[in-house]
Amino acid sequence: MQKMKSKVLVNSKVLGLFLILMLGVMFTCGRSVSAADKHPYLIKVNKERCTVTVYEKDKKGKYTKPIKAMLCSPGNATPVGTFHTPAKYRWHVLMGPCYGQYCTRITGGVLFHSVWYYSQSPATLSYQQFNNLGTRCSHGCVRLCTRDAKWIYDNCSLGTTVVVYNSSNPGPLGRPKMIKVPSYKKMGYDPTDAWSKGNPYIKTKPKIKGASDKKVKYGKKFDVRKGVKAKNSAGEDSTSRIEITITYKGKTVKKINTKKAGTYKVRYEFTDEMGRTASKTIKVKVVDTTPPVIKGVADMTLSGKDASGKAISLNKAFLLKNVSATWHGKKLKKSVIQTVLKETTTATMPKGLRRFQATYSVTTSNHTKAKKVATIYMDTQAPVLYGVKNQTIAQKNVVNNTLSREFVLQGISVKDNYSNLHQGDIKVSVGAYIEETKSFAVTYTVKDKVGNTTIQTAVFTVLEDTPTVSPAPNGSPDPTDN
């Protein structure tokens, strides 16, 4: 019985030792697994470029994936090297004395912390120092905005590796920008502190002003940025951060083409340094008020017949013969030119004369119009010559075997129903002297301004002079007289 008790005791000890060993192994394994998950991030601080970059592990367990970049203010005394965070503090006294929020110790007296406050109140932030973020101005700590200091405080467990180094390269995510606060104020809230109920920046939003629907004349220069301003959540100018997207008929375009009429949509959008977004969309309507230009329309007086003697028809083809239309310098098809012909002859007008009014008009796709009017006279009556008749003239009027223009136009006149004609408009052609009939044929031709012509001919017969006999001297008969 004693032996059995001894065996049971031995077995119990062995089992207990086995359990202890198993628990130890499990505890050791649990610690290593826990330790592996305990530090998901690596923090690198670039003193030269004042940036913090947070890395997480890749599939191989290496800290190679950059996930977050922060703007910081280290100091010349910030030590370079590799450290492991040993402690955290919700508030901690700093040199001054002053205070920092969400502090994480890097090494010794060097902390990650917010920009300092005058007291342990989130309403006493030093605005001047906040606006210095991104410069080396600390006594050795690494200053951050409250948002970034809290992120490290909340997400990076004690023992997280921190590497401090110097490089001209800010890091794979670049150098972030930070919002500025009004410099005329001594203290206030950190704009990124979304956890302090009294922070007025929680409710403020970025704004875009000066963007409104507009109408632009065709071809006029238009700047989509002119007059448009933006302010960030702190009320500071952020106009340079505005990004613009322009669409025309559903397609994205690079600019507003003021030589293409229609409605453009312009979207203004920007994200401020706190990640808050403002946007506004307007319509810009390019209005084409440029009218077409009609050329070649002029008053006309026609004879009623063309050069071939065919009667002229005042149809559209004839009216548009020398007429053209352009729009924005481009020639339009003649088919877009409309013509209306109306006769305006009155009873008081001379016989043989008709008057018409021709109206030319063009309407373009932008609904602008051009109109021109011409007066057309149709003169079908030729001039009338007066005084043309056959004549018997004395030999003395024949000079150098012909008749002068001045002589044959004596007593001749002309009159027309429309054209203002005078004797100088009459052309004279004197034919050769005909010995058999002792005469000249004289042709008179006169045209009015539209080409109606009158031709008349008259015969000038020359009466030979009768010789005269002079008496002999002293009354003696002429010795030749037989």
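Modelled with pLDDT of 95 or more and in contact with a Cys (Cβ under 8 Å, 6 or more places away or on another chain): which single residue out of T82, T78, T64 fits that description?
Testing whether each residue is modelled with pLDDT of 95 or more and in contact with a Cys (Cβ under 8 Å, 6 or more places away or on another chain) leaves just T78.
State which residue pairs qualify: first residue in a loop (DSSP other than H, G, I, E, B) and inside region 335-346, second residue among the aromatic types (F, W, Y) in any location, beta carbons under 7 Å apart, and separation of 6 or more residues or different chains.
Filtered contacts from region 335-346: I337/Y360; T344/F356.
Return only the number of the condition from (1) part of a loop (DSSP other than H, G, I, E, B); (2) modelled with pLDDT of 95 or more; (3) of a type outside the set (V, I, T); (4) assigned by TED's automatic domain parsing to the domain that holds D237 that Y264 does not satisfy.
(1)
Looking only at region 223-232, which residues are surrounded by fewer than 16 Cβ atoms within 10 Å (Cβ to Cβ) and either polar (S, T, N, Q) or in contact (Cβ under 8 Å) with a residue 12 or more places away in the chain (or both)?
Step one: of region 223-232, the residues surrounded by fewer than 16 Cβ atoms within 10 Å (Cβ to Cβ) are 223, 225-227, 229.
Residues satisfying the conditions are R225, G227, K229.
With the structure loaded, tell me whether R143 is out of contact with any Lys or Arg (no Cβ under 9 Å at 6 or more places or on another chain), part of a strand (DSSP E or B) and of a type in the set (D, E, K, R) or whether it fails that test.
For R143, the condition - out of contact with any Lys or Arg (no Cβ under 9 Å at 6 or more places or on another chain), part of a strand (DSSP E or B) and of a type in the set (D, E, K, R) - is met.
Residue by residue through region 169-200, note down the ones that are farther than 24 Å from H84 by Cα, among the small types (G, A, S) and touching a residue at least 60 places away in the same chain (Cβ under 8 Å).
Those that are farther than 24 Å from H84 by Cα, among the small types (G, A, S) and touching a residue at least 60 places away in the same chain (Cβ under 8 Å): G174, G188, S196, G198.
So which residues in region 413-466 are more than 60 Å from the chain's Cα centre (by Cα) and of a type in the set (K, R)?
The first filter runs over region 413-466 and keeps only residues more than 60 Å from the chain's Cα centre (by Cα), leaving 413-416, 422-446, 453-466.
K415, K427, K438, listed by residue number.
If you go through region 234-248 one residue at a time, do you hit one that is more than 30 Å from V373 (Cα to Cα), in contact with a helix residue (DSSP H, G or I) (Cβ under 9 Å, 6 or more places away or on another chain) and free of Cβ contacts under 8 Å to residues at least 60 places away in the same chain?
Yes, there is a match, as at least one residue in region 234-248 is more than 30 Å from V373 (Cα to Cα), in contact with a helix residue (DSSP H, G or I) (Cβ under 9 Å, 6 or more places away or on another chain) and free of Cβ contacts under 8 Å to residues at least 60 places away in the same chain.
Hey, any hits in region 175-185 for a residue that's outside any loop (DSSP other than H, G, I, E, B) and among the hydrophobic types (A, V, I, L, M, F, W, C)?
Narrowing region 175-185 to residues outside any loop (DSSP other than H, G, I, E, B): none.
Checked against the condition, which is being outside any loop (DSSP other than H, G, I, E, B) and among the hydrophobic types (A, V, I, L, M, F, W, C), region 175-185 yields no hits at all.
Considering (1) touching an Asp or Glu at 6+ places or on another chain (Cβ under 7 Å); (2) farther than 23 Å from Q129 by Cα; (3) surrounded by 16 or more Cβ atoms within 10 Å (Cβ to Cβ); (4) polar (S, T, N, Q), say which one T161 fails and leave the rest.
(1)
Does region 283-298 contain any residue that is surrounded by fewer than 17 Cβ atoms within 10 Å (Cβ to Cβ), under 30 Å from T380 (Cβ atoms), in contact with a strand residue (DSSP E or B) (Cβ under 9 Å, 6 or more places away or on another chain) and not basic (K, R)?
yes
The values are calculated or read from the model by the stated rules, or taken from the named source; none is laboratory data. Bear in mind the structure is a predicted one, so any value in this text is a computation, not a measurement. Note: ideal-geometry Cβ built from the backbone for every residue, glycine included; neighbour counts use all protein chains shown.
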